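Taking it in order: structure first as structure tokens, then the write-up.
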Amino acid sequence: MIYLENEFWKKLNSYKNISKSQWEDWKWQIANRLVSLEDLKIFFNLSESLKNAFLKTANIYHFGTTPYYFSLIKEYSFDDPVFRQIFPSLEEIDKNIQKGSYLDPFNEEKLSPVKGLTHRYPDRVLFRATNFCSVYCRHCMRKRMFLEEERARRKEEYDAMFSYIRQNKNIKEVLISGGDPLTLPNKKIEYIIKNLYEIKHIDIIRIGSRELVCNPYRFFDEELLEIFDKYDKVWIVSHFNHPNEITNITKKAVKNILSTGTPVLNQTVLMKGINDDKYIMENLMRDLLKVKIKPYYLFYADPVEGTLHFRTDIKKGIEIIEHLRGRVSGLATPIYAVDLENGLGKVPVFPNYVVEEKEDYIIFRNYEGEIVKQAK
Ligand SMILES: *Cc1c(COP(=O)(O)O)cnc(C)c1O
Ligand code: SF4
């Protein structure tokens with residue numbers, strides 16, 4: 001776990017003269033996002049090749065980060081896992097590298113009965129509340145929204161989404177996603193949650209957000225915590241990809257969320273050059289548990305246009321899960337899953353521990369590779 005040295009905000013302070021209380025205000029973090037080359041030049045000297053990559057790529061897929069997330073960078077190069085997740089690279093717009101990718105591989109727009117809503121499984125719907133994020137991740141599976149205008153949906157659009165959910169009693173769970181729904185003002189968040197909460201057949205309101213990673217001060221906002229407490233159907237699913245993203249601030253933020261009775265889970269995307277390594281992944285899963293976040297999914301990277309350079313071999317994830325099994329707490333082991341193209345759903349992929357099955361016995365392999373025969 002990283003303890004922020006405040007080194008970074010001292011540097012920022014010498015340019016912007018900010019106070020600690022400003023730094024710790026989630027709204028300040030969003031209002032003061034770094035979005036341009038000029039903003040970046042304050043912190044480091046950009047090489048010609050970095051400048052070139054930025055200029056060619058960022059006008060297609062925009063750049064943006066909170067100062068907090070930027071402060072987690074240790075080295076200003078693509079070797080750094082945080083830098084690599086936010087800095088525009090030429091690979092994103094290289095037609096050869098991006099061959100075979102799609103803007104919307106899961107037909108989220110086509111499987112949309114009402115604008116903003118995707119109904120793929122019988123009992124769950126995906127509710128896209130906004131297309132704004134406080135940090136734009138280079139690997140985003142909804143990178144198509146980078147090409148649209150940055151905005152939250154209008155009230156009338158939300159109302160049409162509620163009305164569809166109200167009429168479909170099979171729906172038990174609503175997954176609020178985006179963009180990042182927790183970048184919205186509290187009033188708007190409460191409007192969405194309250195309306196969903198009041199639908200009797202909705203048991204779970206799952207919020208997918210990266211604010212815990214990119215702007216953990218969001219969860220120091222008493223008003224937001226009261227909303228979680230009051231509408232007690234809320235679960236939070238976060239998106240940590242590397243141990244460098246977990247800090248002492250994360251721990252405090254999670255504690256605040258848990259104090260409202262809201263569980264916190266995580267989904268990680270397996271990515272080349274960021275976390276395609278069993279030891280990094282082991283540390284990530286251990287560190288998540290230490291701050292009381294339960295690893296839920298490890299996703300194989302999706303074939304989304306502009307992100308294919310992050311994709312690994314599908315076997316890499318199986319190798320990682322095999323490594324975790326038996327060596328790391330079962331609590332720390334996520335489900336490895338592949339999202340099938342054309343909106344056919346997510347499938348879990350497990351290492352195979354059954355070597356052979358006969359009429360009266362099964363031969364298993366344990367985590368150390370030992371072979372065990374057991375009667376049925
Ligand atoms: C991922 C996803 C869900 C949720 O799936 P879980 O396995 O319950 O996490 C629901 N709807 C859509 C469209 C999804 O992409
Ligand atoms: S925060 Fe989530 S939705 Fe926003 S860019 Fe990152 S991955 Fe995409």
> Residue check, residue 376 against (1) exposed (fewer than 11 other Cβ atoms within 10 Å of the Cβ); (2) modelled with pLDDT of 95 or more, all met but one. Which one?
Replying inline: (2)
>> Please pick out the residue among 152, 160, 129 that is of a type in the set (Gly, Ala, Ser) and either over 26 Å from residue 102 (Cβ atoms) or without any contact (Cβ under 8 Å) to a residue 24 or more places away in the chain (or both).
In response: 160
>> Considering only region 147-168, I want to know if a residue exists there that is within 14 Å of ligand 2 (Cβ to nearest atom) and more than 30 Å from residue 93 (Cβ to Cβ).
In response: no
> Looking at (1) under 23 Å from the mean Cα position of the chain (by Cα); (2) surrounded by fewer than 20 Cβ atoms within 10 Å (Cβ to Cβ); (3) part of a helix (DSSP H, G or I), can you tell me which one residue 149 breaks?
Replying inline: (3)
> Condition test on residue 209, is it surrounded by fewer than 24 Cβ atoms within 10 Å (Cβ to Cβ) and either more than 16 Å from ligand 1 (Cβ to nearest atom) or in contact (Cβ under 8 Å) with a residue 24 or more places away in the chain (or both)?
Replying inline: no
> If the Cβ limit is 7 Å and pairs must be 6+ apart or interchain, which residue in region 101-120 that is on the phi > 0 side of the Ramachandran plot and modelled with pLDDT of 90 or more pairs with which residue that is surrounded by 17 or more Cβ atoms within 10 Å (Cβ to Cβ) and in a loop (DSSP other than H, G, I, E, B)?
Replying inline: 116/153
>> Suppose we filter region 169-188 for residues that are in contact with a helix residue (DSSP H, G or I) (Cβ under 7 Å, 6 or more places away or on another chain) and more than 16 Å from ligand 2 (Cβ to nearest atom); how many remain?
In response: 3
> In region 79-96, which residues are part of a loop (DSSP other than H, G, I, E, B) and surrounded by 16 or more Cβ atoms within 10 Å (Cβ to Cβ)?
Replying inline: 80, 87, 88, 89
> Out of all the residues in region 157-187, which are within 16 Å of ligand 1 (Cβ to nearest atom) and not in a loop (DSSP other than H, G, I, E, B)?
Replying inline: 161, 164, 165, 173, 174, 175, 176, 177, 181
>> When you scan region 249-257, do you find a residue that is of a type outside the set (Ser, Thr, Tyr) and touching a residue at least 60 places away in the same chain (Cβ under 8 Å), even just one?
In response: yes
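Results for (1) surrounded by 22 or more Cβ atoms within 10 Å (Cβ to Cβ); (2) more than 14 Å from ligand 2 (Cβ to nearest atom); (3) over 18 Å from residue 166 (Cβ atoms), shown as yes or no for each residue.
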| residue | (1), (2), (3) |
| --- | --- |
| 107 | no, yes, yes |
| 111 | no, yes, yes |
| 129 | yes, no, no |
| 139 | yes, no, yes |
> Can you tell me which residue in region 287-305 is farthest from residue 344 (Cα to Cα), limited to those that are within 16 Å of ligand 1 (Cβ to nearest atom) and not in a loop (DSSP other than H, G, I, E, B)?
Replying inline: 294
>> Quick check on region 310-330. Is at least one of its residues at pLDDT 95 or above, on the phi < 0 side of the Ramachandran plot and within 16 Å of ligand 2 (Cβ to nearest atom)?
In response: yes
> Any chance region 137-151 includes a residue that's more than 30 Å from residue 40 (Cβ to Cβ) and not assigned by TED's automatic domain parsing to the domain that holds residue 39?
Replying inline: no
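The values are calculated or read from the model by the stated rules, or taken from the named source; none is laboratory data. All values derive from a computational prediction rather than experimental measurement. So basically every Cβ, Gly included, is an ideal-geometry build from the backbone, and we count neighbours across all protein chains shown.
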